[in-house]
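Peer 1: This structure is in structure tokens; I'll ask about it shortly.
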Protein chains: 4
Amino acid sequence: MRRKDATWILTAQCPSRLGTVDVVTRFLKECRCYITEQQSFDDRHGERFFIRTAFQPEETDFDADTFQAAFAARAAEFDMVFELTAPEARMPVVIMVSKADHCLNDLLYRYRTGQLPVTIRAVISNHPDLEPLVAWHDLPYYHLPITPETKAEQEAEVWRVIESTGAELVILARYMQVLSSELCEKLTGKAINIHHSLLPGFKGAKPYHQAFEKGVKLVGATAHYINDDLDEGPIITQGVEPVSHADDPEDLVAKGRDIECLTLARAVSLHLERRVFLHARRTVVFAR
Amino acid sequence: MRRKDATWILTAQCPSRLGTVDVVTRFLKECRCYITEQQSFDDRHGERFFIRTAFQPEETDFDADTFQAAFAARAAEFDMVFELTAPEARMPVVIMVSKADHCLNDLLYRYRTGQLPVTIRAVISNHPDLEPLVAWHDLPYYHLPITPETKAEQEAEVWRVIESTGAELVILARYMQVLSSELCEKLTGKAINIHHSLLPGFKGAKPYHQAFEKGVKLVGATAHYINDDLDEGPIITQGVEPVSHADDPEDLVAKGRDIECLTLARAVSLHLERRVFLHARRTVVFAR
Amino acid sequence: MRRKDATWILTAQCPSRLGTVDVVTRFLKECRCYITEQQSFDDRHGERFFIRTAFQPEETDFDADTFQAAFAARAAEFDMVFELTAPEARMPVVIMVSKADHCLNDLLYRYRTGQLPVTIRAVISNHPDLEPLVAWHDLPYYHLPITPETKAEQEAEVWRVIESTGAELVILARYMQVLSSELCEKLTGKAINIHHSLLPGFKGAKPYHQAFEKGVKLVGATAHYINDDLDEGPIITQGVEPVSHADDPEDLVAKGRDIECLTLARAVSLHLERRVFLHARRTVVFAR
Amino acid sequence: MRRKDATWILTAQCPSRLGTVDVVTRFLKECRCYITEQQSFDDRHGERFFIRTAFQPEETDFDADTFQAAFAARAAEFDMVFELTAPEARMPVVIMVSKADHCLNDLLYRYRTGQLPVTIRAVISNHPDLEPLVAWHDLPYYHLPITPETKAEQEAEVWRVIESTGAELVILARYMQVLSSELCEKLTGKAINIHHSLLPGFKGAKPYHQAFEKGVKLVGATAHYINDDLDEGPIITQGVEPVSHADDPEDLVAKGRDIECLTLARAVSLHLERRVFLHARRTVVFAR
């Protein structure tokens, strides 16, 4: 029986054109790689092609550099951008939080138990509160307070941490500050935020209070990539929770916590498994 | 074992005050009525009290008129409005549709099989298309076409049908015309609409196209009472359906049909079972 | 923009072996067919490979027979069985029912409105009750009553209808008779049944009564292929519905109807879209 | 506006008889207690009545002992058993675990953040592994290893911890030992277990492996009270999670973790809020 932990992932996207699948799968065959799972999709509106391939080399001398160099030549003909991910790859990550710790606690638990294939390089917060939790997990904690006056400075500091740790993904796990458009731009496609509403409903601050005012019977959470338009970044996944007339705004806050945790964790997992493709303002998500 | 089909329902609401439950339950005890199910709720924000009581008289000579007259005196002390519903009561109903027939078909099926305790007095449409379906169920069909010029006239006709049939509930089962504020006012609390989005997201026309543009991963439906503010009436219930990048607007329309049917049917059932209370812009829903 | 209604589907399965994807996709490239959606899966336990490819020919002279003949030669090398489905193909279907009509009504509605790409050739029932509903849809109704003594005879009659109508799929939409193992064998992989429980829980008769006895808080429905072991056929999809202490067995029956309809309709759609693969006692389902 | 944190809860059950609600609500009125939320239910099969009342005394000199003594006299006439719960009451609890820590971690998080109104008096495990996690929360950890030979002894030790800590609830948060019928009996109605399947499906060991074998498309979790029949105790709540052909048994284990945590936490919350009534082999659950 094939081992799951020997699986490489190749993802790619390019303009729609005859032969987009063939250029990938023929190459894998030539490299003697067995495809264990593959999904492709053609966005007929955007005329763009997306593919995700999980494979296992049949030869022991498989070399990633050689593979990539050789495939790059073929991909170029299709204007194809691609990424190769090694088995057991662990993506370096920075998590940003404020005071609420439910999403952080959930992510740290999954990290500690090996459910999230990441290396958490740092946790950044504009408050000192969550330092003990992070310390217990033996992770560095950067307390970077922020005021309207120091925003630019603080964000420069944040960026310094992200860069110096080599983080390839930033997780905004209920970081309650609006990022400047400069920072948003730098983080485009590299940062996942959890918003505590079913976007585009209840954008902005205090969505549970807005939901209470409207008397909705469902609340939800939205995990999305950061882009330059606040709370309008491309959506990765959404979750939902029934509520009732008996729920005060504080009850909604409490009820929403679980679905926020689950929705964020699901989005991060999909991203780490290279199941999410970003193009223009939309995502393609090859669900399991 | 007690029979379910001998159950009366008493619902009431009034300002919050000591003794609101007691005034109801003591009276029922005195009338020798056994309470089989009861729910009450105090809205501490609005300082208003809501109660729903299902009961079975232990005496065979229970008389509704006597009961109501006697209870009215006590209720008056609490500024309590109440309603008594007999076992097996069938509410007279008018359904309004346009061309889409999924909600109508669903309601007619539930009606035909006895799942909905109503008497459908008429189906009104601004199009002729659904006449055969309605005819097969032996129900009167009013084709009342509408143009911007004839809107006032058509609505007068609609109102005439509602009044002449004695309808106590109007179900807008994908009636695709915006009602005038005059008609909305007349129908306040007496008409249930199904909107094909998770309100307050995607108000107005073509919500599935809006949803596609935003790249959401969930679509939904909202059943709400009509009031004077379009798509802002008090919400009764909401349903949700996962969607993906592969869904075109037409796919969303198709995927949404089932959840629209289910959400509308659930709202109508809750209303018929007297589980929904309307107060200001909100509902209290005592779910089963 | 590519048209969706010009899409062919090629499905295939074979033993796991290097090149299984390539043999399909290279051939499609050579035939100048653009792949719009593809999913493949390797069952590492059963060492078996499954693929579903949706494609659009770029040439106007695409010929299905030529395609199949040519591909058969290549597929043979891999012991690959495959099926090619034309755009807008309508599968001939027979539906079997008893007295309960909710699933039938739902299927007929979807059929009438073009949501199900089938041609319903006949409805068979062991009772006369549902004849008027079927007649309204202008479909032939075979009333084939059954008693323990006439079972063999009746099943021969059933089989005659299936064969003479050329049905490629039989939908057991709450047909309340246990099929003989002979008939089951003939229908293996060609018949979908809806069972009103979350199999393997509550097999056999009166599952809602069993559920009530156990005091479960969820009921459900299971759509599965028929095989020789009653209620043990390979599962296609399952649905679930919350229930409470207040639900009598009859309430569970009523609450279960919607989820039975939805689960059966989903399974039939997945089957018609060639998203379900049957191998041994399991299914592979490439969900949308 | 009334404060939520001043709310007392009175729960009761007794045989069905005229006046069961009145005996409760009239007394509350006489004591000048305002009822903020009330639910009652008559089990017509078992002919038993259940009621839960949340109330706020209008007088500052409300005294629980006086209240209970006075009410006991009235309740006695109805063979009514009742319980009065003070605002902000914190139930003493013992948690039992083995090696898997997801449910424990989840419970400890909710405890630490004040979401669970309990006092955790001890964590008992038959393994040493989870000691550091418990220590970080400053809670006592009892490592009580067990072998077939020492089972009786170990259980005596377990019981000693439960008794000495005054625990009123034992939470079996994936404790992987079968309790003896003696211990089960002692814990009847006082212990909540999480089983990782949709009971009564997949009882016993390795339910996810059983689920994989059957090829189910949904897995789930069941929180139930312990009684003398293993995995057959009265169900409090159940949760469900979709799975696919691509999920190995280990994937099912991983996917099931979240729903196990949520289902157990929900059951514990319902129990703490006195929303669950136990009678014979069934529960009545007054959901929010």
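The values are calculated or read from the model by the stated rules, or taken from the named source; none is laboratory data. Just so we're clear, the structure is a prediction, and the values are computed from it rather than from any experiment. Cβ sites come from the backbone with ideal geometry, for glycine too, and all protein chains shown count toward neighbours. When the accessible area is computed, the model is the full protein with side chains, heavy atoms only, and any ligands, DNA or RNA have been set aside. Shrake-Rupley method; radii C 1.70, N 1.55, O 1.52, S 1.80 Å.
Peer 1: Looking at A:S125, A:S98 in this structure, which one is crowded, with 20+ Cβ neighbours inside 10 Å and under 23 Å from A:G189 (Cα atoms)?
Peer 2: On the way: A:S98 fails: crowded, with 20+ Cβ neighbours inside 10 Å.
So the residue among A:S125, A:S98 that is crowded, with 20+ Cβ neighbours inside 10 Å and under 23 Å from A:G189 (Cα atoms) is A:S125.
Conditions tested, residue by residue: (1) at pLDDT 90 or above; (2) at the interface with another protein chain (Cβ under 8 Å from one of its Cβ atoms).
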{"position": "B:P207", "(1), (2)": "no, no"}
{"position": "B:E213", "(1), (2)": "no, no"}
{"position": "B:L218", "(1), (2)": "yes, yes"}
{"position": "B:Y225", "(1), (2)": "yes, no"}
{"position": "B:D228", "(1), (2)": "no, no"}
{"position": "B:D231", "(1), (2)": "no, no"}
{"position": "B:T237", "(1), (2)": "yes, yes"}
{"position": "B:A246", "(1), (2)": "yes, yes"}
{"position": "B:P249", "(1), (2)": "yes, no"}
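Peer 1: Looking at segment B:251-288, which of its residues are within 14 Å of chain A (Cβ to nearest Cβ), closer than 30 Å to B:M80 by Cβ and of a type in the set (V, I, T)?
Peer 2: If the condition is that a residue be within 14 Å of chain A (Cβ to nearest Cβ), closer than 30 Å to B:M80 by Cβ and of a type in the set (V, I, T), then B:V276, B:T283, B:V284, B:V285 are the ones that fit.
Peer 1: Shifting gears a bit: Taking D:L10 as the residue in question, decide whether it is more than 29 Å from D:T119 (Cβ to Cβ) and of a type in the set (A, V, I, L, M). Spell out the reasoning first.
Peer 2: Numbers: more than 29 Å from D:T119 (Cβ to Cβ): no; of a type in the set (A, V, I, L, M): yes.
Answer is no for this residue.
Peer 1: For D:T60, only one of the following conditions fails: (1) at pLDDT 95 or above; (2) not assigned by TED's automatic domain parsing to the domain that holds D:Y175. What is its number?
Peer 2: (1)
Peer 1: What number of residues within segment D:138-155 satisfy the criterion of being open to solvent by 70 Å² or more (accessible area, probe 1.4 Å), within 16 Å of D:S98 (Cα to Cα) and under 24 Å from the mean Cα position of the chain (by Cα)?
Peer 2: Narrowing segment D:138-155 to residues open to solvent by 70 Å² or more (accessible area, probe 1.4 Å): D:138, D:142-143, D:145, D:148-149, D:152-153.
Checking which are within 16 Å of D:S98 (Cα to Cα) leaves us with D:142-143, D:145, D:148.
From what is left, the residues that are under 24 Å from the mean Cα position of the chain (by Cα) are D:142-143.
Residues flagged as open to solvent by 70 Å² or more (accessible area, probe 1.4 Å), within 16 Å of D:S98 (Cα to Cα) and under 24 Å from the mean Cα position of the chain (by Cα) within segment D:138-155 amount to 2.
Peer 1: While we're looking at this one, here's another question. So, in segment A:53-81, how many residues would count as being facing another protein chain (nearest Cβ under 10 Å) and within 16 Å of A:R274 (Cβ to Cβ)?
Peer 2: 4
Peer 1: Out of all the residues in segment A:62-83, is one or more under 18 Å from the mean Cα position of the chain (by Cα) and either of a type outside the set (K, R) or surrounded by fewer than 16 Cβ atoms within 10 Å (Cβ to Cβ) (or both)?
Peer 2: Of segment A:62-83, the ones under 18 Å from the mean Cα position of the chain (by Cα) are A:82-83.
Filter once more, so that each one left must be either of a type outside the set (K, R) or surrounded by fewer than 16 Cβ atoms within 10 Å (Cβ to Cβ) (or both): A:82-83.
Yes, segment A:62-83 has at least one match.
Peer 1: Among the candidates B:A223, B:A211, B:A205, single out the residue that is outside any helix (DSSP H, G or I), small (G, A, S), within 30 Å of A:V243 (Cβ to Cβ) and more than 16 Å from the chain's Cα centre (by Cα). Spell out how you get there, then give the answer.
Peer 2: Working: B:A223 fails: more than 16 Å from the chain's Cα centre (by Cα); B:A211 fails: outside any helix (DSSP H, G or I).
Sole residue among the options that is outside any helix (DSSP H, G or I), small (G, A, S), within 30 Å of A:V243 (Cβ to Cβ) and more than 16 Å from the chain's Cα centre (by Cα): B:A205.
Peer 1: Open to solvent by 50 Å² or more (accessible area, probe 1.4 Å), of a type in the set (G, A, S) and farther than 20 Å from D:E168 by Cβ: does that describe D:A135?
Peer 2: Numbers: open to solvent by 50 Å² or more (accessible area, probe 1.4 Å): no; of a type in the set (G, A, S): yes; farther than 20 Å from D:E168 by Cβ: yes.
So D:A135 does not fit the description; no.
Peer 1: On the basis of being without any contact (Cβ under 8 Å) to a residue 60 or more places away in the chain and buried (at least 24 other Cβ atoms within 10 Å of the Cβ), does D:A211 make the cut?
Peer 2: Values: without any contact (Cβ under 8 Å) to a residue 60 or more places away in the chain: yes; buried (at least 24 other Cβ atoms within 10 Å of the Cβ): yes.
Criteria met by D:A211.
Peer 1: Is it the case, given these coordinates, that C:A246 is at positive phi and surrounded by fewer than 17 Cβ atoms within 10 Å (Cβ to Cβ)?
Peer 2: Values: at positive phi: no; surrounded by fewer than 17 Cβ atoms within 10 Å (Cβ to Cβ): yes.
Spelling it out, it is not the case that C:A246 is at positive phi and surrounded by fewer than 17 Cβ atoms within 10 Å (Cβ to Cβ).
Peer 1: Next question. Any residue at all in segment C:182-192 that is surrounded by 19 or more Cβ atoms within 10 Å (Cβ to Cβ), in contact (Cβ under 8 Å) with a residue 60 or more places away in the chain and in contact with a strand residue (DSSP E or B) (Cβ under 7 Å, 6 or more places away or on another chain)?
Peer 2: Yes, segment C:182-192 contains a residue that is surrounded by 19 or more Cβ atoms within 10 Å (Cβ to Cβ), in contact (Cβ under 8 Å) with a residue 60 or more places away in the chain and in contact with a strand residue (DSSP E or B) (Cβ under 7 Å, 6 or more places away or on another chain).
Peer 1: Given the structure, is A:K214 among the charged types (D, E, K, R) and farther than 25 Å from D:A287 by Cα?
Peer 2: Criteria not met by A:K214.
Peer 1: Do any strands (runs of 3 or more DSSP E) entirely within segment B:77-185 hold 1 or more residues that are closer than 30 Å to B:A12 by Cβ, and if so, which? So that I can check it myself, show each step before the final result.
Peer 2: Numbers: elements: B:81-85, B:91-97, B:118-125, B:141-143, B:169-172.
Because the criterion is at least 1 residues that are closer than 30 Å to B:A12 by Cβ, the strands (runs of 3 or more DSSP E) in segment B:77-185 that meet it are B:81-85, B:91-97, B:118-125, B:169-172.
Peer 1: Let me ask another. Going by the conditions given, is D:R275 more than 28 Å from C:T283 (Cβ to Cβ), in the same structural domain as D:V97 (by TED's automatic domain parsing) and in contact (Cβ under 8 Å) with a residue 60 or more places away in the chain?
Peer 2: Details: more than 28 Å from C:T283 (Cβ to Cβ): yes; in the same structural domain as D:V97 (by TED's automatic domain parsing): yes; in contact (Cβ under 8 Å) with a residue 60 or more places away in the chain: yes.
It is true that D:R275 is more than 28 Å from C:T283 (Cβ to Cβ), in the same structural domain as D:V97 (by TED's automatic domain parsing) and in contact (Cβ under 8 Å) with a residue 60 or more places away in the chain.
Peer 1: Consider segment A:25-46. How many of its residues are in contact with a strand residue (DSSP E or B) (Cβ under 6 Å, 6 or more places away or on another chain) and either of a type outside the set (V, I, T) or within 11 Å of C:D22 (Cβ to Cβ) (or both)?
Peer 2: First pass over segment A:25-46, keeping only residues in contact with a strand residue (DSSP E or B) (Cβ under 6 Å, 6 or more places away or on another chain): A:28, A:33-42.
When the remaining residues are screened for being either of a type outside the set (V, I, T) or within 11 Å of C:D22 (Cβ to Cβ) (or both), the result is A:28, A:33-35, A:37-42.
Adding up the residues that qualify gives 10.
Peer 1: Quick check on my filter: what residues within segment D:47-84 are among the acidic types (D, E) and farther than 17 Å from B:V21 by Cβ? Even if it seems obvious, please write down each step before you answer.
Peer 2: Of all residues in segment D:47-84, those among the acidic types (D, E) come to D:47, D:58-59, D:61, D:63, D:65, D:77, D:79, D:83.
Selection gives D:E47, D:E59, D:D61, D:D63, D:D65, D:E77, D:D79, D:E83.
Peer 1: Let me ask another. Identify the residue in segment A:12-69 that is of a type in the set (K, R) and without any contact (Cβ under 8 Å) to a residue 24 or more places away in the chain and, among all such residues, is farthest from C:E58 (Cα to Cα). Write out each step before concluding.
Peer 2: Applying the first criterion (of a type in the set (K, R)) to segment A:12-69 yields A:17, A:26, A:29, A:32, A:44, A:48, A:52.
With without any contact (Cβ under 8 Å) to a residue 24 or more places away in the chain added as a condition, the list becomes A:26, A:29.
Numbers: A:R26: 20, A:K29: 25 Å.
Only one residue fits best here, namely A:K29.
Peer 1: What number goes with the only condition from (1) in contact with a Leu (Cβ under 8 Å, 6 or more places away or on another chain); (2) more than 14 Å from every other protein chain (Cβ to nearest Cβ); (3) closer than 21 Å to B:C261 by Cα that B:K203 does not pass?
Peer 2: All conditions are met except number (2).
Peer 1: Return the residues of segment D:27-44 that are open to solvent by 50 Å² or more (accessible area, probe 1.4 Å) and more than 7 Å from chain B (Cβ to nearest Cβ); say none if nothing qualifies.
Peer 2: Selection gives D:E30 alone.
Peer 1: Given the criteria more than 8 Å from every other protein chain (Cβ to nearest Cβ) and under 16 Å from the mean Cα position of the chain (by Cα), does A:I171 qualify?
Peer 2: Details: more than 8 Å from every other protein chain (Cβ to nearest Cβ): yes; under 16 Å from the mean Cα position of the chain (by Cα): yes.
Against the criterion (more than 8 Å from every other protein chain (Cβ to nearest Cβ) and under 16 Å from the mean Cα position of the chain (by Cα)), A:I171 qualifies.
Peer 1: So which residues in segment C:144-162 are hydroxyl-bearing (S, T, Y) and closer than 14 Å to C:E185 by Cβ? Outline the logic, then answer.
Peer 2: Step one: of segment C:144-162, the residues hydroxyl-bearing (S, T, Y) are C:147, C:150.
Once the filter is applied, which keeps residues that are hydroxyl-bearing (S, T, Y) and closer than 14 Å to C:E185 by Cβ, segment C:144-162 yields nothing.
The rows are residues; the columns are (1) among the hydroxyl-bearing types (S, T, Y); (2) in contact with a helix residue (DSSP H, G or I) (Cβ under 6 Å, 6 or more places away or on another chain); (3) assigned to a loop (DSSP other than H, G, I, E, B).
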| site | (1), (2), (3) |
| --- | --- |
| D:T237 | yes, yes, no |
| D:S244 | yes, no, yes |
| D:D247 | no, no, yes |
| D:L252 | no, yes, no |
| D:K255 | no, no, no |
| D:C261 | no, yes, no |
| D:F277 | no, no, no |
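Peer 1: Taking the stated definitions as given, is B:E47 open to solvent by 20 Å² or more (accessible area, probe 1.4 Å), among the charged types (D, E, K, R), farther than 22 Å from D:R2 by Cβ and at the interface with chain D (Cβ under 8 Å from one of its Cβ atoms)? Steps first, please.
Peer 2: On the way: open to solvent by 20 Å² or more (accessible area, probe 1.4 Å): yes; among the charged types (D, E, K, R): yes; farther than 22 Å from D:R2 by Cβ: no; at the interface with chain D (Cβ under 8 Å from one of its Cβ atoms): yes.
No: the conditions fail for B:E47.
Peer 1: Additional query: Please work out which residue is modelled with the highest pLDDT, limiting yourself to segment B:193-205 and to residues that are of a type in the set (A, V, I, L, M, F, W, C) and open to solvent by less than 60 Å² (accessible area, probe 1.4 Å).
Peer 2: Within segment B:193-205, the subset of a type in the set (A, V, I, L, M, F, W, C) is B:194, B:198-199, B:202, B:205.
With open to solvent by less than 60 Å² (accessible area, probe 1.4 Å) added as a condition, the list becomes B:194, B:198-199, B:202.
Working: B:I194: 96, B:L198: 88, B:L199: 85, B:F202: 84.
Only one residue tops the list, namely B:I194.
Peer 1: Given the options A:A135, A:A167, name the one that is out of contact with any helix residue (DSSP H, G or I) (no Cβ under 7 Å at 6 or more places or on another chain), assigned by TED's automatic domain parsing to the domain that holds A:H224, without any contact (Cβ under 8 Å) to a residue 24 or more places away in the chain and of a type outside the set (S, T, N, Q).
Peer 2: After ruling out the rest, the residue left standing is A:A135.
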